[in-house]
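The values are calculated or read from the model by the stated rules, or taken from the named source; none is laboratory data. Since we're looking at a predicted model, the values are computed, not measured. Cβ placement follows ideal geometry from the backbone for every residue including glycine, while neighbour counts extend to all protein chains displayed. Please note that ligands, DNA and RNA were not included when accessible areas were found on the heavy atoms of the full protein model with its side chains. Shrake-Rupley method; radii C 1.70, N 1.55, O 1.52, S 1.80 Å.
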Amino acid sequence: VLLSEEELVDLLRKEAEEDEEAEGELEEEEVEADKGKVESSEAEEITEDPCDNFRCKRGKTCKLDADSKPGCVCQEPSQCPPSMNEFDHVCGTDNKTYDTSCELFATKCNLEGTKRGHRLHLDYTGACKLIPACVDTELIQFPLRMRDWLKNVLLQLYEHDSISHGFLTPKQRFRVKKIFESERRLHAGDHSVELLAQDFEKNYNMYIYPVHWQFAQLDQHPSDRFLSHSELAPLRVPLVPMEHCTSRFFQECDADKDKQVSFKEWTSCFGIKNEDMDVNLLF
Ligand SMILES: [Ca+2]
Ligand SMILES: [Ca+2]
């Protein structure tokens, strides 16, 4: 099960353009949103529910305490809105299909403090299915292909940014411009692994920034130069059901097995030499 180059780049680009709410298993976020502006005089009679503008992280729901103050409590999985169609199903890391991601996160919340709860994450979208084992030869090809996608995603963002600004920061634009304008660059397409490997050797410098960029995109909750399981989720979740080496790749990327992919582990997974790791490229 492999995606075409074009499909993958599209998927990764959408991921980059979206707000990081993809999994929402992020840090505790209980913010009171702007109180909706009240219209006209009759609105005064409507008692506003303090929960209406109160956001809870996924798996939790707003509840008023004894003093009528809103707070977040675990949601009952059975209270989740039912799935609309099969695309709402998700597969958990416990290899169980959940009707919706709401149900998975509510289950996780109710298991808080237990080992099972700690281990439960959203593995991928769709019902659980048999994912073929990723064999060593395929595993070796994965970073080659992924590096190429990352570069192409950035080039696409660059082109979009040239039409309407806002896709890249000026600093990012400047870095991608150099790749974009290079006559030597390999143009997007379904290339053989041999060609990808060759290009990596020949145009190694063009791959340094894309690898840094993707790390920085993911390392935001918090930005501590480590990627947790949930920080990797926006990339992993849509990729796993289509690219069967995804899970093994990220597992093995975590060389010291501390459940986090450090900046150093990430760059070396993608073949970037230690001396080319540059924290300045993360901003
Ligand atoms: Ca982090
Ligand atoms: Ca690690």
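For the chain, what does the accessible surface come to per residue with a 1.4 Å probe? Please give it in Å².
With the other protein chains kept in place, the chain gives 57 Å² per residue.
Taking only DSSP H segments of four or more residues, each worth -39500 (n - 2.57), what value at 222 nm results for the chain once the sum is divided by all its residues, to the nearest 500 deg cm²/dmol?
Here the helix-only value at 222 nm equals -13000 deg cm²/dmol.
Sort by residue number and name the cysteines in the chain that have no neighbouring cysteine Cβ under 4.7 Å.
Flagged as lacking a Cys partner: nothing.
Between residue 194 and residue 161, what is 0.36 nm times their sequence separation minus the Cα-Cα distance? Round to one decimal in nm.
Between residue 194 and residue 161, full extension yields an extra 8.7 nm.
Extension gain residue 180-residue 139, at 0.36 nm per residue separation less the Cα-Cα distance, in nm?
Full extension of this stretch gives 11.9 nm more.
Taking the alpha-carbon centroid of each part, what is the distance from segment 108-133 to segment 151-200 in angstrom?
Result: 35 Å between the Cα centres.
For segment 235-283, treating each Cα as an identical point scatterer without solvent, what Debye log10 I(q)/I(0) comes out at q = 0.21 1/Å?
Here log10 of I(q) over I(0) equals -0.81.
With a 1.4 Å probe and every protein chain kept in, tell me what percent of the accessible surface of segment 56-125 is carbon plus sulfur. Walk me through the intermediate numbers first.
Values: 2080 of 4190 Å².
So the carbon and sulfur contribution to the accessible surface is 50 percent.
If exposed trypsin sites (Lys or Arg not before Pro) are those in a DSSP loop with at most 12 other Cβ within 10 Å, what is the longest stretch of the chain that has none?
With a cap of 12 other Cβ atoms within 10 Å, the longest stretch comes to 38-128.
Please enumerate, by chain and number, the lysines with C-alpha under 20 Å from the C-alpha of residue 60, excluding those fewer than 8 residues away in the same chain.
Hits, sequence-local ones excluded: 69, 108, 115.
Calculate, in nm to one decimal, what residue 84 and residue 129 gain on full extension: separation in residues at 0.36 nm each, minus their alpha carbon distance.
Computed gain between residue 84 and residue 129 is 14.2 nm.
Along the positive direction of the dipole of the chain (beta-carbon charges: Lys, Arg +1; Asp, Glu -1; about the Cα centre), which of 235, 128, 277 reaches farthest?
Of the options given, the answer is 277.
Taking the Cα centre of the chain as origin and charging only Cβ (+1 Lys, Arg; -1 Asp, Glu), how large is the dipole, in debye to the nearest 20?
I would put it at about 1140 debye.
For segment 196-251, with all protein chains present and a 1.4 Å probe, just round the carbon and sulfur fraction of the accessible area to a whole percent.
About 53 percent, which is the carbon plus sulfur part of the accessible surface.
Please give me the summed charge of the neighbours of residue 262: other residues whose Cβ is under 14 Å from its Cβ, Lys and Arg +1, Asp and Glu -1. Working shown, then result.
Values: positive: 225, 257, 259, 264; negative: 219, 224, 231, 252, 254, 256, 258, 265.
Net local charge, residue 262 excluded: -4.
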